[in-house]
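What follows draws every value from the coordinates through simple rules; no lab data is involved. These numbers were taken from a predicted model, which means no experiment stands behind them. All Cβ positions, even for glycine, are placed from backbone atoms using ideal geometry, and neighbour counts span all protein chains on display.
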Amino acid sequence: MGIPAGGDSILLKKTKSLCPICKKVLEAEIIENEGKVYINRTCPDHGDFSYLYWDDADAWRRYEAFGVKGSGLANPQVVKDISSCPYDCGICNNHKSTTLLANVDLTNRCNLNCSFCFANARACGYIYEPSYDQIKDMLTILRSEKPTPAPAVQFAGGEPTLREDLFEIIQLAKSLGFMQVQLATNGLILAQDPDYALRLKDAGLSTVYLHFDGVSKETNFKLVHDLKAIENLRKAKQGVVLVPTIIKGHNDHEIGDIVRFAAENIDVIRGVNFQPVSFTGAASPEDIEQQRITIPEILNRIEEQTEGSVEKEDFYPVPCVVPISDFVEAYTGKPQLRFTAHQHCGAATYVFVRDKKIVPINRMIDVDAFFDSIERLTTQLSSAGPISKKMVAINGIKELYASVKKSEEGGRELWTSLGKALITHNFDSLREFHWNALFIGMMHFMDNYNYDVERVSQCCIHYATPDGTLIPFCTYNSGPVFREQIWKKYSRPFE
């Protein structure tokens, strides 16, 4: 998927990437050509490579403006020279982000055999299934991170519901202080066992992440099971996030339908987290050309297929919320989680569902003005004395609302919740807000073709492993592919 013939290329920035054949680390350029963004590099052994990075150069620039470099962990696992990135991995002194979400693979056994899955015991030929004690050690390491412990963990696989001790593992995570405990599942057991969802909720599970690729049998072969699983989750009052893997030419025509389906079931569905396909296995040039879909393309389809109810400009990159963390830190004097993921890793927004209409948060408040104002307020707090900080914050929040509100419809309710959280740290109101809103997001995990080492250095989704290391998501699953090394090291024969 190289640069089209003709046209002038514009250098946007320099980074490092990998040779997709030998995996050698190479100097790379991110360039614009005919309105699209590509990542280019040259391997001395295998020649030139150019692959699509983002489909829209203007969108790339808008998101680039939100880039924030974090300071990483105060207690990194290893100290090393940055030249070894992404090999010899573990969260090191050069890594720029703390763990916002930890992934723990509970097993590679699965009760499905999906063609695009990279985590399957039958494909591997062995079983990977860490013990309860190994899992406890992994979770303990995550909670020992400084300056802020990992707040959320997602149990994945394989299919984690095949673990008989899953409920005890969830209880363990809650007891160690994880605010969010998530489960990534294909939903088959949830569909088959009406009591399973209730048992998960009673164990302390926060959210089910349900693999859900479409609203028709053509795009989602297990649709009947998914609908039954969602119904059982509804009865248990257990929140669910739909996770569709989007493949161009397969299910990208149903993106809007998936959003509408989520909105129609907002009483149980908390969000949709789209995942553009990542070519982590062998892929032909034809596969990449025909099936690759980037974040701007998904945003375009959301806008087109919802007939403008949700627009491309309603979405923001993950680090857009860093000013909120900085405000709370300036106000309280305590270290806060900072969402310093790379600006081109994902996009997200919130929408409200009112009278069967989808109303993005941008229709209620001026989001850009809000972030600008909160940064100015943080500067004021930094120069205020301990006694006057609260009054500065309270007055600032009041003025903030007057300057950024767009609509009284839902805006006052939202602002009341946000104000309570920022001033009193009463997050119950924000939890209520979350249960009345629908999250729409996407995260484009990298593969050997669009690999950007700068993105790896800012990754905030980390895998915990039995040997005690924490590994960035895209290094674990592509590039050096630490998943295979870890699984083999701690495996047993497949029967």
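For region 211-278, the set of trypsin sites (Lys or Arg not before Pro) satisfying both a DSSP loop assignment and a count of at most 12 other C-beta atoms within 10 Å is given as Lys217, Lys237. Going by a ≥ b ≥ c, the root eigenvalues of the Cα gyration tensor, does region 8-88 fall in the rounded group (a/c under 1.5), the prolate group (a/b larger than b/c) or the oblate group? Verdict is oblate for region 8-88.
For region 9-54, the relative contact order is 31 percent, taking Cα pairs closer than 8 Å that sit 6 or more residues apart in sequence and dividing their mean separation by the residue count.
Output the antiparallel fraction of DSSP beta bridges having both residues in the chain, as a percent to the nearest 5.
Expressed as a percentage, antiparallel bridges in the chain total about 60.
As a proxy for reagent exposure, ranking Thr161, Thr140, Thr148 by other Cβ atoms within 10 Å from fewest up yields Thr140, Thr148, Thr161. From helices alone, the chain scores -10000 deg cm²/dmol at 222 nm; the rule is -39500 (n - 2.57) for each run of n ≥ 4 DSSP H residues, then divide by the residue total. Region 129-186 and region 351-369 have Cα centres separated by 34 Å. Membrane-span-like helices in the chain, defined purely by DSSP H runs whose alpha carbon atoms cover 18 Å or more axially and whose average Kyte-Doolittle hydropathy reaches -0.5, are 223-236, 367-383, 389-404, 411-424. Distance from a point 7 Å along Cα→Cβ of Ser144 to each backbone N in region 70-102: keep the residues under 16 Å and list them by number. Only 73-79, 91-92, 99 fall inside the zone, counting backbone N under 16 Å.
What dipole magnitude, in Debye to the nearest 20, does the chain give about its Cα centre under +1 on Lys/Arg Cβ and -1 on Asp/Glu Cβ?
For this selection, approximately 1460 debye.
P(r) for region 301-351: what percent of alpha-carbon pairs falls in each 10 Å bin, starting at zero? It works out to 24, 36, 27, 11, 2, in whole percents. Computed over neighbours whose Cβ is under 15 Å from that of Lys174, the net charge equals +1, Lys and Arg +1, Asp and Glu -1. Rounded, prolate or oblate: pick one for the chain, where a ≥ b ≥ c are the square roots of the eigenvalues of its C-alpha gyration tensor, a/c under 1.5 means rounded, and failing that, prolate if a/b is larger than b/c, else oblate. Because its axes are fairly even, with a/c under 1.5, the chain counts as rounded.
Compute the separation of the alpha-carbon centres of region 449-474 and region 191-262 and state it in Å as a whole number. Using only Cα atoms, the two centres lie 27 Å from each other. Extension gain for Asn113 to Lys489 (0.36 nm times residue separation, less C-alpha to C-alpha distance): 133.0 nm. Seen from Tyr126, the other residues with C-beta closer than 9 Å to its C-beta sum to a net charge of +2, counting Lys and Arg as +1 and Asp and Glu as -1.
The relative contact order of the chain, computed from alpha carbon pairs under 8 Å that lie at least 6 residues apart in sequence, is 18 percent. Length available on full extension from Asn93 to Asn75: 0.36 nm per residue minus the Cα-Cα distance, which gives 5.7 nm.
Count the net charge of all other residues whose Cβ sits under 15 Å from the Cβ of Val453, scoring Lys and Arg as +1 and Asp and Glu as -1.
Working: positive: Lys13, Lys14, Lys16, Lys23, Lys24, Arg41, Lys69, Lys80, Lys96, Arg455; negative: Glu27, Glu29, Asp81, Asp88, Asp447, Asp452, Glu454.
Overall, the nearby charge balance is +3.
Seen through its C-alpha gyration tensor, with square-root eigenvalues sorted a ≥ b ≥ c, region 9-54 comes out prolate because a/c lies at 1.5 or above while a/b is bigger than b/c. Be a star and scan region 309-324 for residues whose amide nitrogen sits under 16 Å from the point 7 Å along the Cα-to-Cβ vector of Phe439. Within reach of a label on Phe439: 315-322.
Given R0 = 25 Å, the distance between the Cβ atoms of Met391 and Arg354 translates into a calculated FRET efficiency of 0.10.
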